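Notes to accompany the following structure.
Every number here is computed from the coordinates shown, using simple stated rules; none is lab data. Note that this is a predicted model, so its numbers are computed, not measured. Glycine also receives a Cβ, built like all others from the backbone with ideal geometry; neighbour counts cover every protein chain displayed.
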Amino acid sequence: VALSRPGEAFLDATKAVVGPQGWIADPAEQERYLIDERRLYRGRTAIVLRPRSTEEVACVVGLCHQHRVAIVPQGGNTGLVGGSVPNEAGGEVVLSLARMNRILDVSPLDYAMTVEAGVVLAQVQDAARAVDRLFPLSLAAEGSCTIGGNLSTNAGGVNVLRYGSARDLVLGLEVVLPDGRVWDGLRRLRKDNTGYDLKHLFMGAEGTLGVITRAVLRLFPLPKQVVTGFAGLVSVAAAVDLLSRFQAATGGRVTAFEVLPRFGLDLILRHIAHTADPLTDAHPWYVLFDVSSGEDGAGLTQAVEGVLAGALTGGILRDATLATNEAQARALWRLRESLPEAQKPAGGSIKHDVSVPITRFAELIERAQAAVQRLIPGVRPVPFGHLGDGNVHLNFTQPEGADTSGFLAQWGAVNHVVHDIVHELGGSISAEHGLGRLKREEIVRYKSPLEIELMRSLKATLDPLGIMNPGKVV
Ligand code: FAD
Ligand code: ZN
């Protein structure tokens, strides 16, 4: 089906739906909707639409369907794979959910909260905490990303280990389908086996199957205490061992377990203000961990200290420190969260977001580092991230003094080398950021033709005109 550029009649009709405050045509005002977070893409559009309700979204999408105009749904525009911005041709409209930002209902007894898609993640967390509940999704973009974007990318973050990724935190969804009809799946049931679980189609679909307008989210008991610590180790294998010891000793209460290499910490200490090395000596690897409990008392800290003492005498651990107050815990987390920023002054960085079974984690890092160093002598690996989920952001900083654009020109070649190893180890080439535009071609190398065929037939069934975020994912 051929798509059309938005014409005058279409534009007048959509403006009438969303009202004078609901659209932006001025290119300068549009700018922040057109450039992606990583500045890999800069698109154009005739209009940015900012509806306020499901009804308005349904009318706008219905008009797009009728006029065969393509739509790019957008939340906080913090996505890392170019999925949330329109292409350069200017024929796609941006549908921003940012004004649908109301928390509709919080039910502590149901452990559930109903929200509109444009609510910022940090506000969801706050609203849960206000009723003594936890919404566990947490990532560095939480101050600006929206719940609709989180669900659409099936976001991960730092608590997946204990609570699962975004799709595990949802009881029900409301979705505007590509023809403008509204699917009301806003159930808040814990058990519902009445056929295919449709909500899971739309989560992780990156806006290619419909527009998520509302969601019922799962809440959890708020932990009474969190022990945060920072440990220095000789190897990644030792870190995997340490995690296993923690889980065994605490009954699976590790809520975050993040790894970073010495070079990463060096970059943080050099480039990020008000940071200090938490340990006295330098170590090849570090982990930052949270262990949480619903109970008060000293038991949890004692269990954590017991594991650390055993690991120290067992030669697994070199040194460790536990935060003794909230401020210290925040300072430790700030180290981890500032790593992507700290990499920037060191020059170009070729990035990967991959996962493998945790038993292959150490082997992945070792093999990928060696292979890329063979390809680009002097390249500086910065593998960091969510060890507890087998997910590592395998980033490579350019060799010292190298030409940045020459280095970045090897992005595709480096990706192939790393992704081939990931594939061999039974892993995924996009663990949490999605495919978007950036990895749409790359995935075809690794998913079986059958899986690609099934994905394409789902897309064709739900969106036969192909107006929903074209050029992304499939
Ligand atoms: P956008 O960027 O606006 O959109 C993302 C995708 O979802 C696009 O394809 C868009 O079309 C689609 N979309 C958005 N809203 C809707 C909707 N209502 N209906 C249908 N489709 C929609 N991700 C992780 O998984 N883990 C991390 O730890 C993590 N850390 C990050 C740290 C930083 C500093 C940054 C900048 C990003 C990070 N991300 C991480 C990327 C992550 O994907 C996004 O931050 C977030 O989940 C996207 O939310 P958003 O509202 O910004 O969505
Ligand atoms: Zn991550």
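Details
- Qualifying residue in region 53-69 (condition: in a strand (DSSP E or B), over 26 Å from SER338 (Cβ atoms) and more than 13 Å from ligand 1 (Cβ to nearest atom)): no
- Of the residues examined, GLU88 is one that is more than 16 Å from ligand 1 (Cβ to nearest atom) and more than 26 Å from LEU161 (Cβ to Cβ).
- Reported count of residues in region 31-52, each being part of a helix (DSSP H, G or I) and free of Cβ contacts under 8 Å to residues at least 24 places away in the same chain, is 1.
- Candidates are the residues of region 110-133 that are among the aliphatic types (A, V, I, L, M) and farther than 24 Å from THR54 by Cβ; the one that is surrounded by the most Cβ atoms within 10 Å (Cβ to Cβ) is VAL131.
- Taking the criterion of being surrounded by 15 or more Cβ atoms within 10 Å (Cβ to Cβ) and assigned to a loop (DSSP other than H, G, I, E, B), the residues of region 430-459 that qualify are ALA431, GLU432, HIS433, GLY434, LEU435, GLY436, ARG437, LEU438, LYS439, ARG440, TYR446, LYS447.
- Of the residues in region 217-230, none is more than 12 Å from ligand 1 (Cβ to nearest atom), among the polar types (S, T, N, Q) and either assigned to a loop (DSSP other than H, G, I, E, B) or free of Cβ contacts under 8 Å to residues at least 40 places away in the same chain (or both).
- Test for GLU88: is it in contact (Cβ under 8 Å) with a residue 12 or more places away in the chain, within 16 Å of ligand 2 (Cβ to nearest atom) and more than 15 Å from GLY434 (Cβ to Cβ): no
- Candidates LEU364, LEU339, LEU387, LEU394 - the one that is of a type outside the set (Gly, Ala, Ser) and away from ligand 2 (no atom under 14 Å from the Cβ): LEU364
- Cβ pairs under 8 Å, 6+ apart, first in region 187-205 and closer than 18 Å to PRO73 by Cβ, second of a type in the set (Ser, Thr, Tyr) and within 16 Å of ligand 2 (Cβ to nearest atom): GLY204/THR153
- Residue count, region 193-210 (criterion: closer than 13 Å to GLY149 by Cα and either out of contact with any Pro (no Cβ under 7 Å at 6 or more places or on another chain) or in a helix (DSSP H, G or I) (or both)): 6
- Given (1) within 26 Å of ARG437 (Cβ to Cβ); (2) in a helix (DSSP H, G or I), number of the condition GLN373 does not satisfy: (1)
- Subset of region 1-28 [in a helix (DSSP H, G or I), surrounded by 14 or more Cβ atoms within 10 Å (Cβ to Cβ) and not small (Gly, Ala, Ser)]: PHE10, LEU11, THR14, LYS15, VAL17, VAL18
- Tally, over region 110-135, of residues that are touching a Phe, Trp or Tyr at 6+ places or on another chain (Cβ under 7 Å) and within 13 Å of ligand 1 (Cβ to nearest atom): 1
- Residues located in region 384-398, provided they are within 12 Å of SER349 (Cβ to Cβ) and either of a type outside the set (Ser, Thr, Tyr) or not in a strand (DSSP E or B) (or both): PHE384, HIS393, LEU394, ASN395, PHE396, GLN398
- Residue within region 460-468 that is among the β-branched types (Val, Ile, Thr), part of a loop (DSSP other than H, G, I, E, B), more than 16 Å from ligand 2 (Cβ to nearest atom) and in contact (Cβ under 8 Å) with a residue 60 or more places away in the chain present: yes
- Annotation: of all residues in region 398-432 being without any contact (Cβ under 8 Å) to a residue 60 or more places away in the chain, farther than 26 Å from ALA166 by Cα and within 23 Å of the chain's Cα centre (by Cα), the one that is nearest to ligand 2 (Cβ to nearest atom) is ILE421.
- VAL81 vs. criteria touching a residue at least 24 places away in the same chain (Cβ under 8 Å), within 14 Å of ligand 1 (Cβ to nearest atom) and in a helix (DSSP H, G or I): no
- Whichever residue in region 152-178 is within 16 Å of ALA128 (Cβ to Cβ) and of a type in the set (A, V, I, L, M, F, W, C) and, among such residues, is farthest from ligand 2 (Cβ to nearest atom): LEU171
- Taking the criterion of being crowded, with 22+ Cβ neighbours inside 10 Å and within 7 Å of ligand 1 (Cβ to nearest atom), the residues of region 142-156 that qualify are CYS145, THR146, GLY148, GLY149, ASN150, SER152, THR153, ALA155, GLY156.
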